[in-house]
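Here is the structure we will look at, set down as structure tokens.
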Amino acid sequence: MKKPEIIVVTAAYGAQQVAEMGGQAALLPLIKAAGADGVEIRRELFSGNALSFLPALGHSLRQHQLTASYSVPESLWLDDGALNPRLAQYLQEAEQLGAQRLKLALGHYVDLHARQLADVLATSSVTLVIENDQTPDCRLAPMLRFFHHACDAALPLDMTFDMGNWLWTGEDALQAAAQLSRYVSYIHVKAAVPHGDSFRAIALDEAGDSWRTLLHALPADAPRGIEFPLQGDDLVAVTRHYVDLLRAV
């Protein structure tokens, strides 16, 4: 069986570290040296007019022979249930980056607006992937309802399954995987532990083996994104360790 694509999420290094290293573009040689296949670029880590450099960043990704995913910290559906009016803009930004996929959270899903959503998605070759975030809007029931409706309408979109975020919504991740795996085309690998009245993400070496069981309940060919903390004196070695681990599991 072909090994899954391993993607490094730039936010795994922490916003301060990314800024100190010179931004997300400066991480590409490190990520390539660690043996990863791709990078998830985070919109929230851009500063100033950095969006104008998306084509240049896309060129650099291709030079390093790394695939691109693009994450925007917004939702597909607004608080009033309306479709996010900036979806077309975000798809265009993803195209400028040369990204294969655009990741958004679900948001407050009420009604599919299938024709409106289909018309926007038809303007782009980028695949929209909807993630379960840490808010009540992304509990299992609304996620299932949205993907059932989207599937019935034959909309060209998939799911990003964040393995850790079910802790924040208080739900069973294995149950969610059993019901949602058919829609999953991208996985955010994450382990977390209680922290105060919430949770915090931890490196896989600090976690038990439950993440392995959960990962095996998801599509084996879905790209695996490293979204847990990558920290240490030798970031290439740390990143390579987890790239190799996730490729072997």
In vacuo Debye scattering of the range 58-190, one point per C-alpha: log10 I(q)/I(0) at q = 0.12 Å⁻¹? -0.44
In the range 119-208, the GluC sites (Glu not before Pro) that fall in loop regions by DSSP, at most 10 other Cβ within 10 Å: none
Among A105, V129, A248, the residue whose Cα sits farthest towards the positive end of the charge dipole of the chain (+1 at Cβ of Lys and Arg, -1 at Cβ of Asp and Glu, taken about the Cα centre) is A248
Evaluated at q = 0.16 Å⁻¹: base-10 log I(q)/I(0), Debye formula over Cα of the chain: -1.24
With an 8 Å Cα cut-off and a minimum separation of 6 or more residues, compute the relative contact order for the chain in percent. 21
Accessible-area order for W211, W168, largest to smallest, probe 1.4 angstrom, reads W168, W211
Would you list T213, T239 from the most to the least accessible area, probe 1.4 Å? T213, T239
Using a simple spin-label model with points 7 Å from Cα along the Cα→Cβ vector, what separation in nm is obtained for R212 and S52? 5.1
Note down the accessible area of D111, probe 1.4 Å, to the nearest 10 Å². 80
Over the Cα atoms of the range 155-249, how large are the radius of gyration and the largest Cα-Cα distance (Dmax), in Å? 13.6, 45
So what does R212 come to for accessible area, using a 1.4 Å probe and Å² rounded to 10? 90
In nm, to one decimal, how far is the modelled label at L245 from the one at H195, with both set 7 Å along Cα→Cβ? 1.7
Could you compute the FRET efficiency for H59 and Q175, with r as their C-beta to C-beta distance and R0 at 45 Å, rounded to 0.05? 0.55
Spin-label pair E44/R182, simplified geometry with 7 Å Cα→Cβ offset, distance in nm: 3.2
Most packed first (mean Cβ within 10 Å per residue), the peptides 58-67, 23-32 order as 23-32, 58-67
Listed residue (G23, Q65, A237) projecting farthest to the positive dipole end of the chain, Cβ model: Q65
Dipole moment magnitude, nearest 20 debye, the range 132-226 about Cα centre, only Lys, Arg, Asp, Glu C-beta charged: 120
Which whole-percent values make up P(r) of the range 1-113 when all C-alpha to C-alpha distances are grouped in 5 Å steps starting at zero? 2, 11, 21, 22, 18, 11, 8, 5, 1
By how many nm would the segment from K2 to D234 grow when fully extended, if each residue of separation counts as 0.36 nm and the alpha-carbon distance is taken off? 80.6 nm
Calculate how many DSSP beta bridges within the chain are antiparallel, expressed in % of all such bridges and rounded to the nearest 5. 15
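The values are calculated or read from the model by the stated rules, or taken from the named source; none is laboratory data. Here the structure is a predicted model, which is why all the values come from computation and not from measurement. Here Cβ is always computed from backbone atoms with ideal geometry, including for glycine, and neighbour counts include all displayed protein chains. These area figures cover heavy atoms from the full protein model, side chains too; ligands, DNA and RNA do not enter into them. Shrake-Rupley method; radii C 1.70, N 1.55, O 1.52, S 1.80 Å.
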